[in-house]
Amino acid sequence: MAPVTTETGPKQARSRVTRRHLLEAAVSCLAEQGWAGSTVAVVAERAGVSRGAAQHHFRTREELFTAAVEYMAEVRSTALLDLFPRGAAAARADVVGALIDLYTGPMFRAALQLWVAASHEEQLRPRVAELEARVGRETHRMAVELLGADESVPGVRETVQGLLDMARGLGLANVLTDDTARRARVVAQWARILDSELG
């Protein structure tokens, strides 16, 4: 009897590629067109797949867009950690600048659109709130690691959280206008504050 062969390997690989294209297209749509202009059909067309293929991977619109923002947050986090390999010396201003950069660009714009939509749409709110809490915890953990912060010291946890809250505010300021010059001055000042606070 001849051995049975399957297409499982190649099919799974194609499925992963299709899923990644859908997630990337969803982030682009959200960032460029907002929640109202971002539908599963629009994302599928941008990703170059059928609507049926999109719905095979994501049953609902809410599932697609929350998964997309989560995926891009993971991609950005990995890229950030790759900039500062464990054990390598890094200037604190470079770390602060890289953390603040997490809150600019298409991923942040997409997340912002999702937050606004969740404030109005009951079925989306719990999913986005849970996603935001999870991404927030991971970003804080990563910031502590990259800054070499010791959270057992009183006030250090709040200092790191203040940096991330400020980074989100700078990201909001950058949505309407290019805030690069002011952001550079803020990064330099926060690096000095952190040098003083964290030692």
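The values are calculated or read from the model by the stated rules, or taken from the named source; none is laboratory data. Since the structure is predicted, the reported quantities are computational estimates derived from the model, not experimental observations. All Cβ positions, glycine included, derive from the backbone under ideal geometry; neighbour counts span all protein chains shown.
Numbers below:
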quantity: Counted residues, segment 155-179 - those being without any contact (Cβ under 8 Å) to a residue 40 or more places away in the chain, over 20 Å from the mean Cα position of the chain (by Cα) and outside any loop (DSSP other than H, G, I, E, B); calculated: 3
quantity: Complete set of residues in segment 54-92 that are at pLDDT 90 or above and either more than 28 Å from Ala118 (Cβ to Cβ) or more than 11 Å from the chain's Cα centre (by Cα) (or both); calculated: Ala54, Gln55, His56, His57, Phe58, Arg59, Thr60, Arg61, Glu62, Glu63, Leu64, Phe65
quantity: Unmet criterion (only one of (1) assigned to a helix (DSSP H, G or I); (2) small (Gly, Ala, Ser); (3) exposed (fewer than 12 other Cβ atoms within 10 Å of the Cβ); (4) at pLDDT 90 or above) for Ser152; calculated: (1)
quantity: Residue selected from segment 76-130 under the condition among the β-branched types (Val, Ile, Thr) and in contact (Cβ under 8 Å) with a residue 24 or more places away in the chain, by the criterion surrounded by the most Cβ atoms within 10 Å (Cβ to Cβ); calculated: Val96
quantity: Qualifying residues in segment 155-190 (those that are crowded, with 18+ Cβ neighbours inside 10 Å and among the small types (Gly, Ala, Ser)) - the one farthest from Ala31 (Cα to Cα); calculated: Ala167
quantity: Residue that is nearest to the chain's Cα centre (by Cα), among those in segment 94-118 that are at pLDDT below 90 and among the aromatic types (Phe, Trp, Tyr); calculated: Phe108
quantity: Where a residue in segment 30-56 is free of Cβ contacts under 8 Å to residues at least 40 places away in the same chain and its partner, wherever it lies, is assigned to a helix (DSSP H, G or I) and β-branched (Val, Ile, Thr), with Cβ under 8 Å and at least six apart; calculated: Gln33/Val42; Ala47/Thr18; Val49/Thr18; Arg51/Val40; Ala53/Thr18; Ala54/Val40; Ala54/Val43; Gln55/Val40
quantity: Exclusive hit being surrounded by 17 or more Cβ atoms within 10 Å (Cβ to Cβ), of a type outside the set (A, V, I, L, M, F, W, C) and at pLDDT 90 or above, set Glu32, Glu24; calculated: Glu24
quantity: Candidates Ala143, Ala133 - the one that is assigned to a helix (DSSP H, G or I), aliphatic (A, V, I, L, M) and exposed (fewer than 13 other Cβ atoms within 10 Å of the Cβ); calculated: Ala133
quantity: Residue among Glu145, Glu121 that alone is farther than 23 Å from Ala36 by Cβ, over 12 Å from the mean Cα position of the chain (by Cα) and acidic (Asp, Glu); calculated: Glu145
